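The values are calculated or read from the model by the stated rules, or taken from the named source; none is laboratory data. As the structure is a computational prediction, the values presented were derived from the model and not from experiment. Note that we place each Cβ from the backbone using ideal geometry, even for glycine, and neighbour counts take in every protein chain shown.
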Amino acid sequence: MLTVSHWDNVKKRRFGRKLPITRETAAVIRTWQARRRRLEVPSRSRKYLFPSITDRSGIAHMGSSLANAMREWVAAIPVLLGDELDEHGSRMPFDRTLIFPYAFRHAYAQRHADAGVPVDVLKELMDHRSIVTTMSYYQVSLKRKREAIMTMRRHTIDRSGRPAPVTSTTDYEAQSVAVPFGNCREPSNVKAGGKACAIRFQCAGCGFYRPDPSYLPAIEQHVNDLRADLETAKAMDADDFVVRNLADQITASTTVADTMRSRLSSLPQDEREEIEEASAVLRKVRASRDHKLLPLTVIRKDTPDAG
Ligand code: SF4
């Protein structure tokens, strides 16, 4: 569940920006606001989330003092380990110099890019003026893309959940196109860059559907959306055929997602990690609409042609 935070991009002089945040994040901010209201701060600092507590700096909000406070806090953490392993397989210490306030903004952007949030959406979230700035979070080397496809082509399934590995990276690229919930191998749709689906993207019921684990979050989101649509259709007293169609799509898409999850959970940990990494790369490439290597065009569900 999301709510909206209002903020001013003072640095770029763009005011009244809106940022969707989770209700949990909003609750944390409210808790802090209640605490902050009890602090004695100069009157001109009261409107800030992180106010200056004295007038000495001449700045009404926290500036470098926030970075200093964070540095002290990080230094006081007794043990801080990163994800990298040493030659004995033990986690190595995390580089504490990488933790500073501005890094949170980068981490926010990178996590969204890795999750496959479309580049134009992230541009809005970050309030970048130019998409070129946002694109830097989507950069993936050609080598990493190829490796990701090499990994993923082995884990492609069909609409029934049966393994349908793609024979080569060339085949993955040239014989399919990325549509909202998986790759599509229907020749006329591939030729049209994914814009010519004859059955309005009801992929889980289509013989040309070839999803792989990089699409799992999109499929899960699709199932949630369909469930919401089903409830709406029932509330609207829609005809049986409408309800049946939605219910059948939910069943088919759930089968695809369940099969994929169960296949993943049966794999060794290192292979699962390899697939997760490849998935992040492919989602990022699709989200950036980089058409150089992957299926030619990414068709988003909200395009006029998508059902
Ligand atoms: S339903 Fe999906 S897989 Fe089938 S032709 Fe349309 S886009 Fe392709």
Check: Given Val28, Val4, which one is β-branched (Val, Ile, Thr) and either assigned to a strand (DSSP E or B) or touching a residue at least 40 places away in the same chain (Cβ under 8 Å) (or both)?
Finding: Val4
Check: For region 103-117, does any single residue satisfy the condition of being part of a strand (DSSP E or B) and either surrounded by 14 or more Cβ atoms within 10 Å (Cβ to Cβ) or not polar (S, T, N, Q) (or both)?
Finding: no
Next item on the list: Under 6 Å between Cβ atoms, at least 6 apart or on separate chains: pull out the pairs that start in region 117-129 with a residue that is touching a residue at least 12 places away in the same chain (Cβ under 8 Å) and end on any residue that is crowded, with 18+ Cβ neighbours inside 10 Å and assigned to a loop (DSSP other than H, G, I, E, B).
Entry: Val119/Ser288
Next item on the list: Would you check which residues across region 48-90 are under 30 Å from Asp270 (Cβ atoms) and among the hydroxyl-bearing types (Ser, Thr, Tyr) and list them?
Entry: Ser90
Notebook entry, point to check: Can you spot a residue in region 78-86 that is surrounded by 12 or more Cβ atoms within 10 Å (Cβ to Cβ) and over 25 Å from the mean Cα position of the chain (by Cα)?
Noted result: yes
Note to self: Looking for something out of contact with any Leu (no Cβ under 9 Å at 6 or more places or on another chain), on the phi < 0 side of the Ramachandran plot and assigned to a strand (DSSP E or B) - is there at least one such residue anywhere in region 62-76?
What the structure shows: no
Check: So which residues in region 77-102 are without any contact (Cβ under 8 Å) to a residue 12 or more places away in the chain and in a helix (DSSP H, G or I)?
Finding: Thr97, Leu98, Tyr102
Item checked: Sole exception among (1) in contact (Cβ under 8 Å) with a residue 60 or more places away in the chain; (2) under 17 Å from Leu216 (Cβ atoms) for Thr156, by number -> (1)
Next item on the list: Starting from region 192-211, take each residue that is in the same structural domain as Pro163 (by TED's automatic domain parsing) and list its partners that are within 8 Å of the ligand (Cβ to nearest atom) and among the hydroxyl-bearing types (Ser, Thr, Tyr), counting only C-beta distances under 8 angstrom and pairs at least six apart or across chains.
Entry: Cys203/Tyr209
